[in-house]
Amino acid sequence: MEINNNQLLRFTTAGSVDDGKSTLIGRLLYDSKSIFEDQLESVSATSAKKGHKGVDLALFTDGLRDEREQGITIDVAYRYFTTPKRKFIIADTPGHIQYTRNMVTGASTANAAVILIDARHGVIEQTKRHSFIASLLNIPHLIVCINKMDLVEYSEQRFNEIIGQFEEFSSKLLMKDVRFIPISALDGDNVVNRSEKMDWYQGGTLLNILETLHISSDINKIDARFPVQTVLRPQSEEHRDYRGYAGRVASGIYRLGDEVAVLPSGFTSRIFSMNSGETELEEAYAPMSIAMTLEDDIDVGRGDMIVKLNNQPEPVQEFDVMLCWLNDDSAKPRAKYTVMHTSNEQRIMIKEVIYKVDINTYERIEQDKSLNMNDIARVKLRCTKPLMLDSYRDNRNTGSIILVDENTNETVAAGMMV
């Protein structure tokens, strides 16, 4: 069965400062005719004021005043554009090391990551760091754009050298689908339109690859997971005995009559009905929002998970995660937080920091047990009641958690189940 959910592609961009990320996105929007006239007029005026010849494409994305004035990207900026083949959401993330947490947040829901490399400098530390984060977040598709080819005379040899450098270090990472494109964002070569200056490159342009990436297989259709967000009891004349469980299907496919188990209680039943708004459904799949009723009257509430009888996650109270620390304040030893997993909330304690990762060299640091902003570490957690977790590699939705400070209500960390 072909599930048509490939209309929307989310992708993140990453690269070192001055690799031309903002210019690339500007070029993508400009050449695909995705910019409004008033935006164009505003950016043209700013470009003229700065003394640039023509339009400074980077200004289309650097929305914050600090970014425009300093010529850098600080925040995660989301941009939306559409072509006849697809809708796109771009998460433009900063390149600086102190903004690792911003890249983790921007990339966590992406189908693809576009990583920029300056053709003059080749693979640098930033490239390795961004690739490591893309691998950690299990982003299914990686598109490596080797930019500023105009500054290396459009050399095929230089392009192949950089591919070699990239493959040498990325062999240690788990990456499924990696593609390389030689581009010049400034001149528009191989971004939306094919370059006449690099006829040795036979692959597609960046936009062509983004439009044709096969993403419907990225969603886990095997493990059926339905976290309950709320219980519907209308109590109206028409629906006096209706008791529906509403939420969003995290993964897998549900059909009428399927035998299901409700976790953590373990009670079993069959699916009696499913609907989305007024529409009755024969089957439901990720990422649909639905209401489901069961044949038996079972005690089900927010935070429970309805799964297939023959395919259940392991309820766990103690588990390891790869954690990215997002907060300005460091983690306190054995501090307690609220963990949020799908629609489930529990109290949790950081039991142990097993090791931190040096994201420039991929080495493990076992002697340093502190957790500071932008750190990525393998951590052992213990929560008050079991969570229904899958491994993050198998299921990004049910394998991810966030930690919230109970006093300030700030999100302090994002974790991926090992």
For the stretch 108-128, the count of residues that are open to solvent by 10 Å² or more (accessible area, probe 1.4 Å) and either among the hydrophobic types (A, V, I, L, M, F, W, C) or within 25 Å of residue 415 (Cβ to Cβ) (or both) equals 8
Taking the condition of being assigned to a loop (DSSP other than H, G, I, E, B) and over 23 Å from residue 327 (Cβ atoms), how many residues in the stretch 367-395 meet it? 5
If you go through the stretch 146-191 one residue at a time, how many are of a type in the set (Phe, Trp, Tyr), part of a strand (DSSP E or B) and over 25 Å from the mean Cα position of the chain (by Cα)? 0
Inspect the stretch 249-270 for any residue being small (Gly, Ala, Ser), open to solvent by 40 Å² or more (accessible area, probe 1.4 Å), assigned to a strand (DSSP E or B) and at pLDDT 95 or above and give the result as yes or no. no
Residues (in contact with a strand residue (DSSP E or B) (Cβ under 6 Å, 6 or more places away or on another chain) and more than 15 Å from residue 340 (Cβ to Cβ)) located in the stretch 393-418: 395, 418
I'd like the residue in the stretch 222-245 that is of a type outside the set (D, E, K, R) and within 17 Å of residue 264 (Cβ to Cβ) and, out of all such residues, is most open to solvent (accessible area, probe 1.4 Å). 229
Restricting to the stretch 192-231, count the residues that are within 27 Å of the chain's Cα centre (by Cα), within 30 Å of residue 291 (Cβ to Cβ) and not hydroxyl-bearing (Ser, Thr, Tyr). 13
Going residue by residue through the stretch 149-169, is there one that turns out to be of a type in the set (S, T, N, Q), buried (at least 19 other Cβ atoms within 10 Å of the Cβ) and touching a residue at least 12 places away in the same chain (Cβ under 8 Å)? no
Among residues of the stretch 396-418 being polar (S, T, N, Q) and outside any strand (DSSP E or B), the residue surrounded by the most Cβ atoms within 10 Å (Cβ to Cβ) is 398
Of the residues in the stretch 344-365, how many are at pLDDT 95 or above and not in a strand (DSSP E or B)? 0
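The values are calculated or read from the model by the stated rules, or taken from the named source; none is laboratory data. Note that the coordinates shown come from a computational prediction; the quantities given were computed from them, not determined experimentally. Positions of Cβ are generated from backbone atoms using ideal geometry, with glycine treated the same way; all protein chains shown enter the neighbour counts. Surface accessibility is based on the protein's heavy atoms, side chains included, excluding ligands, DNA and RNA. Shrake-Rupley method; radii C 1.70, N 1.55, O 1.52, S 1.80 Å.
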